[in-house]
Amino acid sequence: MDIAKCLTLIDLLCAREFPTAHGRTEHGESGPGYHMVALQTSGEFWEDDGTDWQETAAQYEADRDGLAERLTDRWGPPQHFSLRGVFGRTMQGEDIAEPWAELSAHVPDVHLWEAAESGRWVALGVSQWDKELPFQLLGVVTEKDPP
């Protein structure tokens, strides 16, 4: 993982205006009040016996933690915010603002900072939609408070 590239991309998203409608961008996806980018994406696990999956899961958590150390130098210690309860609330029909509703479907928890200079929330999380699908290290910048 190229930490400098990830930090540059997070800085770009902290400065970029939010669009008025949801859509894809050159870096990921954005919508009213948020930007989301895959900072790193693994391969798939269709033929894996579980060994590669476990190693990749551990590596993505280590990469998230390494990037989190750099963001901690900027903004102080992160909040560790579980999205499990948010997912339960969305499944019960509660209207949760994006990007939080979508994140809760495939990211169990995030490291979360409030970026002092922009007043935006910055979150890092490890995503995986299903056991055979790739892991992603996601970076999220939003003006929407966590639910």
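With a cut-off of at least 1 residues that are at negative phi and more than 17 Å from the chain's Cα centre (by Cα), name the helices (runs of 4 or more DSSP H) lying wholly within region 6-122.
51-75, 84-91
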*Going through region 1-23 one residue at a time, which ones are of a type outside the set (Asp, Glu) and over 23 Å from residue 60 (Cβ atoms)?*
15, 16, 18, 19, 20, 21, 22, 23
*Residues of region 118-134 being within 17 Å of residue 56 (Cα to Cα) and open to solvent by 30 Å² or more (accessible area, probe 1.4 Å), which ones?*
128, 129, 130, 131, 132, 133, 134
*Give region 61-101 a look and list any residue that's in contact (Cβ under 8 Å) with a residue 60 or more places away in the chain and out of contact with any strand residue (DSSP E or B) (no Cβ under 7 Å at 6 or more places or on another chain), or say none.*
66, 70, 86, 97
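Output the residue which, of all residues in region 82-102 that are closer than 16 Å to residue 142 by Cα and out of contact with any helix residue (DSSP H, G or I) (no Cβ under 8 Å at 6 or more places or on another chain), is least open to solvent (accessible area, probe 1.4 Å).
Selected residue: 99.
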_Cβ-Cβ distance below 9 Å, separation of 6 or more or different chains: which pairs start in region 119-143 with a residue that is within 23 Å of residue 75 (Cα to Cα) and end on one that is part of a strand (DSSP E or B) and among the acidic types (Asp, Glu)?_
120/114; 121/114; 122/114; 125/109; 126/109
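The values are calculated or read from the model by the stated rules, or taken from the named source; none is laboratory data. Nothing here was measured: the structure is a model prediction, and the numbers come from that model. Cβ coordinates were reconstructed from backbone atoms using ideal geometry, including for glycine residues, and neighbour counts include every protein chain displayed. These area figures cover heavy atoms from the full protein model, side chains too; ligands, DNA and RNA do not enter into them. Shrake-Rupley method; radii C 1.70, N 1.55, O 1.52, S 1.80 Å.
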